[in-house]
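All of the numbers you see were taken from the coordinates with simple rules; none came from a lab. Being a predicted model, the structure only gives us computed values, none of them experimental. Because the Cβ atoms are built from the backbone with ideal geometry, glycine has one as well, and the counts that use them run over all protein chains shown.
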């Protein structure tokens, strides 16, 4: 019998142990993170379980069943600096509850709980542990990676008796498992479910991302002495493009799959009220669950940038910052998740995830799905991140129910 | 007989005496500026003239005629730090040439040359000397004014044996003069004349200016997890407004009098590629020679700001930074200037001045006009400011010709 209040009690206990008045401080490879893992090991020990670590520092606990066919329940204990109490830890402790519930029975299949290492990417490499397990680590980048204070990932790993060159071996560890499904509960980190009045939702996949920095170059000039036709205003070129991209995102979204587009970074020069901007740097972050829709958005943005530049007599250059392909989740698991959420909450909304998650890495290897708990204020990566207990409890129960349904489904396949 | 090459020789001599490899350093109230004035006093002495200083530090030299009716020839020797060789000093040395030319004759009216003090506003108060002479000094602001390094205007004046409380007395000095006209030659500091292929132009007035800072306030949120309809993007609100203002300026300009509108300062928060901007501060500098057109532009900007805010679910607040009314020049003098420019260059284009000048202050008190020399690269307030000698010579000859025409006109009136 699922006891969701027990999970919330665990979360508060962990929060008290690993937070200060600025929020959660479970930053990967720090003593506070290690304290969280030690605390979690004691929780596992109470179930007679012992965690083992792979070559990327991911921590695995196994509840063996009659079949080696395995369902992986994953999330992460690490947080950003000054983070929230739920991001990552909700999924780990709900998975622990699932082990408590299903460990009391004669299990037909095997359950494994994984606490991924450094999901938040302290060294600039998001999903560090799960991407290593997925066999997609960039070893050159890992060898060169440093955190904000200049500490190298190499040294941080060494301090935890890990070797950067052995990171890819975490993939061998994962491949040795007969994995049939990956399930992850996470807070939404956005306002969609709250706006629908839904405590929980079914995640249909994680967005692909195309992220660029654009450099518009015109000519700085006196705001008073330069007539309109002779201006080469780099800011107006960027502004025109941003507005056209907003329209393109609405148009593409209106035709089917949602696309979002954000200009979050803007820097003009010389940046004084009496000078026409001669240069403007602007970021563009485009996301969609649908590769074709994302490609349409990128194409529309390129057209908009060219038109903004031409209309304002400036030039524009693109530089790619980062990209990742859309990762749709498994249709069967999505349906099971929808059933679980509806049975628990009386409604079931499907939504994509804008942020990437460890499940993004797993979905490339095995059937995967995520379940979101609502984030009523939409905030995350800050101490204000919060979800009321009654919503959390419904989402936790829906997740444990999803684990049960997945056990049945995998059992019927073996 | 006008010797324009002599004026250019003087300008180069002054430049060599008061510049370093970063440009002109004739910043008001500094030893280099004092050196420029001492050098200029020697030039006046060669004509048998002696400069006297008013209570605001403006330096006046008088060439008396049969009538006390006076034509004032003005400009300024001070420069911005790292400034150009022509901004201000061209007008002073062309005025000196006019004294040389007309001082050899029996003058029917009086000529006065004024070198205004601190036109560039080292202490944040543009047109300091001429605004004091015009009786428009803000004495409270003057008492509180400091330069970039924290030096007070009060102390700078005291070091030059001037008293901040006596600044308004400069107005009594000007009122004691039977002034009938004010004439000023200046470089354009913009690209208009060069784009027309004209060496010189007739300035019909100086633009009024309405300068504001706008604060758009929305909600910062994750670029991936926030769907388009739930966004409150402060940057998009500002961008939309800037584009609408560009269209409004084109529309109003197309209907008659030119209006310009510039967003030169832009600052978004939190200013990272993965966050929707929750706040955007943007400046708006609007200028026109026509008060009604300027008022239309401000009204259009207010409508655009409100629409940009509403369309993006954000709020907007306005804060006025500075404003000055349009100052049209005297129709009779504008015609004389046009005649002089056409006779000298074979063409005569009328244009407004975007920047304000000392002539803006004088035009409120007496018939005034300015003549611009072209600035082929459009640059000023930097060492790259430049105009080729042949263009300068035509503009100088046109100016001295304008002085002659004004002498005739004032003489016919007395």
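Packing around the peptides A:63-70, A:404-411, taken as the average count of other Cβ atoms within 10 Å per residue, puts them in this order, highest first: A:404-411, A:63-70.
Sorting the segments A:311-322, A:114-125 by their mean number of nearby beta carbons within 10 angstrom, highest to lowest, gives A:114-125, A:311-322. Computed over the Cα atoms of chain B, the ratio of the radius of gyration to the Kirkwood radius (Rg/Rh) comes to 1.03. Ordering A:328-337, A:256-265 by mean Cβ neighbour count within 10 Å, with the highest value first, yields A:256-265, A:328-337.
Quick one: grab the alpha carbon gyration tensor of segment A:63-145, order the square roots of its eigenvalues as a ≥ b ≥ c, and give me rounded if a/c is under 1.5, else prolate or oblate depending on whether a/b is larger than b/c.
Since a/c reaches 1.5 but b/c is at least a/b, the shape of segment A:63-145 is classed as oblate.
Using a 7 Å projection from Cα along Cα-to-Cβ, the label point at residue B:81 is separated from the same position in the remaining copies by 3.4 nm, smallest value first. The residues B:357, B:50, A:222, when put in order of fewest to most other Cβ atoms within 10 Å, stand as B:50, A:222, B:357.
Note on segment B:133-282: Kirkwood radius taken over Cα pairs, Stokes-Einstein applied at 20 °C and 1.002 mPa s, translational D equal to 102 µm² s⁻¹.
I want the antiparallel fraction of DSSP beta bridges within the protein assembly as shown, as a percent rounded to 5. Each step should come with its number before you reach the end.
Working: 94 of 136 bridges.
Within the protein assembly as shown, antiparallel bridges account for around 70 percent of the total.
Result for chain B in a Gaussian network model with C-alpha springs under 10 Å: among B:398, B:181, B:220, the largest mean-square fluctuation is at B:220.
Over all distinct Cα-Cα pairs of segment A:312-359, the Kirkwood formula returns a hydrodynamic radius of 14.5 Å. Per-residue mean of foreign Cβ neighbours for A:256-263 is 5 (Cβ atoms of other chains, 10 Å radius). With coordinates expressed along the principal axes, the C-alpha atoms belonging to the protein assembly as shown extend over 122, 50, 42 Å, beginning with the largest. GNM on chain A, alpha-carbon springs under 10 angstrom: the most fluctuating residue among A:242, A:45, A:301 is A:45.
Dividing the Cα radius of gyration of segment A:272-345 by its Kirkwood radius returns 1.25 for Rg/Rh. Taking every alpha-carbon pair under 8 Å whose residues sit at least 6 apart, chain B reaches a relative contact order of 22 percent. Counting, for every residue in B:15-22, the Cβ atoms of other protein chains within 10 Å of its Cβ and taking the mean gives 0. Applying D = kT/(6 pi eta Rh) to segment B:238-371, where Rh is the Kirkwood radius over alpha-carbon pairs, T corresponds to 10 °C and eta to 1.306 mPa s, the Stokes-Einstein value obtained is 92 µm²/s. Taking A:149, A:58, A:377 in turn, the Gaussian network model of chain A (Cα-Cα springs below 10 Å) assigns the largest fluctuation to A:149.
For residue B:17, the label point sits 7 Å beyond Cα toward Cβ; its separations from the matching points on the remaining copies run 8.1 nm, from shortest to longest. All C-alpha to C-alpha distances of segment A:39-110, sorted into 5 Å bins beginning at zero, yield P(r) values of 3, 14, 24, 26, 18, 9, 3, 2, 0 percent in whole numbers. Counting, for every residue in B:269-277, the Cβ atoms of other protein chains within 10 Å of its Cβ and taking the mean gives 6. Here is how the number arises for chain A: DSSP H runs of 4 or more residues each give -39500 (n - 2.57), the sum is divided by the residue count, and the result at 222 nm is -12500 deg cm²/dmol.
Exposure proxy for B:3, B:140: other Cβ atoms within 10 Å of each Cβ, ordered fewest to most, give B:140, B:3.
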